[in-house]
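Notes to accompany the following structure.
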Amino acid sequence: MTDPAAIPQDATAVLVLADGTAIFGRGFGAAVTKVGEVVFNTSMTGYQEILTDPSYAGQIITFTFPHVGNVGANVNDHETGSPVALGCVLRADITDPSNYRAERGLDDWLKSHDLPGIAGVDTRRLTRRIRDIGAPHGALCVSPDGKFDLDALKKLAADWPGLEGMDLAKEVSCTQTYTWDTTLWGFADDGRSDGYGKMAEPTKHVVAVDYGAKRNILRNLAAQGCKVTVVPASATADEILGHGPDGIFLANGPGDPAATGIYAVPELKKLIDSGKPIFGICLGHQMLALALGAKTEKMHMGHRGANHPVKDLETGKVEITSQNHGFVVMEASLPDGVTVTHRSLFDGSVEGIKVDGKPIFSVQYHPEASPGPMDSHYLFARFREAMEG
């Protein structure tokens, strides 16, 4: 049993790692317990986009930037209908919202989505630990009365199976086909007419395979003049081609690509053989690589942040990118006829590939970042040009 003397008197939350390390702090959000992989994100803004990114399914997010909550929360910034991240870890208490677009405070928003949080944590130390030994499994518990069963929480963390071998795409994917016509956010001079646009006259038709698609990806596709039909991750090649697309988009998503690939790769091989232009992002990039014959592996700590430099090997230009992935394509496994087009300047890992002589390409990072760097928006125009060509 846990010794009550080991728990600080003012603690209302604790993060217990699988090795028994207990990190105490001040709880906020929902008074619940969540178990998953503990990761860190270095972004200086966009916490609501991060918390609603389907690629964070199964993960507890440590924010290295201390001022979280200053823009509040609002439904327009959701990247999916309901967040699937498990909770968040902060250095400082949530900042009061100070933004004209804020509809509610972050603490209230977290409670409404049953998400716990812990503040007062030495996030630099936790981040160094993740960098040194990899992303640990952890149990995050918020308890307003300050009572915790540390032994039980340690067992929960130690028994959690981990993301390797876990197919989470099927849990976050849509279950029915739908169409998307919303374009990018626009700012009006009066500050009152801000909002998303509508794509009224499409010139191309894209079928997007939803492994956990972020809404701003779909907005960028619509902004290129595309009618977007979104299909579930389990859609067959015949169903996808039956929509008569000019191009096929493979979305981002969570979990182990090899697990998702069990049912997705056979269909992707047929799509590759169809000759249609294909563009993949994040998990979609990994799925394309698997379908081409390559392999993926779990990374030591992954790439998560909005400040990752990537070099375009074809132009020599360096892009600042937004990233969120814990698996990577193994370069040595790429077959002949597949070229590496982008490379991480942090660790040299593969960040983009293309199929020689075919309009098929993908990137590991997120060119649609919102908010975030816009250096890579050209990739959506490149996809449109591939469909035109």
Inset, instruction - Mind pulling the angle between the C-alpha long axis of helix 123-133 and the longest principal axis of the chain? Nearest 10 degrees, somewhere in 0 to 90. - result: 60 degrees
Legend entry - the chain: radius of gyration and largest Cα-Cα distance (Dmax), Å: 21.0, 70
Legend entry - Exposure of LYS311 as accessible area (Å², to 10), given a probe of 1.4 Å and all protein chains: 80 Å²
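How large is the accessible surface per residue of the chain, computed with a 1.4 Å probe and reported in Å² as a whole number? Walk me through the intermediate numbers first.
On the way: 16080 Å² over 389 residues.
With all protein chains present, the chain gives 41 Å² per residue.
Quick one: with all protein chains in place, what share of the accessible area of segment 249-383 is carbon or sulfur, to the nearest percent (1.4 Å probe)? Could you put the intermediate results ahead of the total?
Working: 2590 of 4670 Å².
Of all accessible area on segment 249-383, carbon and sulfur atoms account for 55 percent.
Rounded to the nearest 5, what % of the DSSP beta bridges within the chain are antiparallel ones?
On the way: 47 of 75 bridges.
Taking every DSSP beta bridge with both residues in the chain, the antiparallel ones total about 65 percent.
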Inset, instruction - Evaluate segment 1-150: find the radius of gyration of its Cα atoms, find its Kirkwood radius, and give the ratio Rg to Rh. - result: 0.95
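Kirkwood Rh and Cα-based Rg: tell me the resulting Rg over Rh for segment 326-380, rounded to two decimals. Intermediate results must be reported in sequence, preceding the final value.
On the way: Rg = 12.2 Å, Rh = 12.3 Å.
Reported Rg/Rh, Kirkwood definition of Rh: 0.99.
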Legend entry - Dipole axis of the chain (+1 Lys, Arg; -1 Asp, Glu on Cβ), positive-most option in THR45, ALA85, GLY105: THR45
Inset, instruction - Place a +1 charge on the Cβ of each Lys and Arg in segment 178-239 and a -1 charge on the Cβ of each Asp and Glu, then give the dipole magnitude about the Cα centre in debye, rounded to the nearest 20. - result: 80 debye
Legend entry - Nitroxide proxy distance, nm - points 7 Å out along Cα→Cβ at GLU239 and THR21: 4.3 nm
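Can you tell me what share of the DSSP beta bridges in segment 247-389 is antiparallel? A percent to the nearest 5 is fine.
Numbers: 22 of 29 bridges.
Percent antiparallel among DSSP bridges in segment 247-389 is about 75.
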Legend entry - Cβ-placed point charges (K, R +1; D, E -1), dipole of segment 268-311 about Cα centre in debye, nearest 20: 20 debye
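Give LYS111/LYS295; LYS34/LYS317; LYS214/LYS358 a once-over and call out the pairs whose C-alpha atoms are over 30 Å from each other.
LYS111/LYS295; LYS34/LYS317
So if I place +1 on the C-beta of Lys and Arg and -1 on the C-beta of Asp and Glu, and nothing else carries charge, what would the dipole magnitude of the chain be about its Cα centre? I want it in debye, nearest 20.
Working: 35 positive and 48 negative charges, 62 e Å.
Value, rounded to 20: 300 debye.
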Inset, instruction - Go through segment 1-101 and name the chymotrypsin sites (Phe, Trp or Tyr not before Pro) that are in a DSSP coil and have 16 or fewer other Cβ atoms within 10 Å of their Cβ. - result: TYR100
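Scale the Cα Rg of segment 11-56 by the rule-of-thumb value 2.2 N^0.38 Å and send over the ratio, two decimals.
Details: Rg = 12.5 Å, N = 46, 2.2 N^0.38 = 9.4 Å.
Here the answer is 1.33, to two decimals.
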Legend entry - Signed unit charges on C-beta, dipole axis of the chain, positive-most listed residue ALA158, SER376, GLY36: SER376
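Return the Rg/Rh value of segment 121-261, two decimal places, where both radii are evaluated on C-alpha atoms and Rh is the Kirkwood radius.
Value, to two decimals: 1.13.
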Legend entry - Listed residues GLY284, MET301, GLY255: farthest to the positive end of the dipole of segment 235-389 (Cβ charges): MET301
Inset, instruction - Would you list the P(r) distribution for segment 242-389, with all Cα-Cα distances sorted into 10 Å bins from 0 and each bin expressed as a whole %? - result: 12, 45, 36, 7, 0
Inset, instruction - Consider just the alpha-carbon atoms of segment 1-86 and return their Rg together with their Dmax, both in angstrom. - result: 14.7, 46
Inset, instruction - Mind giving me the FRET efficiency for TYR178 and HIS300? R0 is 41 Å, r the Cβ-Cβ distance, nearest 0.05 is fine. - result: 0.65
Legend entry - Accessible surface of segment 1-68, 1.4 Å probe, proportion on carbon and sulfur as whole %: 59 percent
Legend entry - VAL84 - accessible surface, heavy atoms, 1.4 Å probe, Å² rounded to 10: 40 Å²
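The values are calculated or read from the model by the stated rules, or taken from the named source; none is laboratory data. The structure presented is a predicted model; accordingly, all values stated were derived computationally and were not measured. Note: ideal-geometry Cβ built from the backbone for every residue, glycine included; neighbour counts use all protein chains shown. The area values use the complete protein model at the heavy-atom level, side chains included, leaving out ligands, DNA and RNA. Shrake-Rupley method; radii C 1.70, N 1.55, O 1.52, S 1.80 Å.
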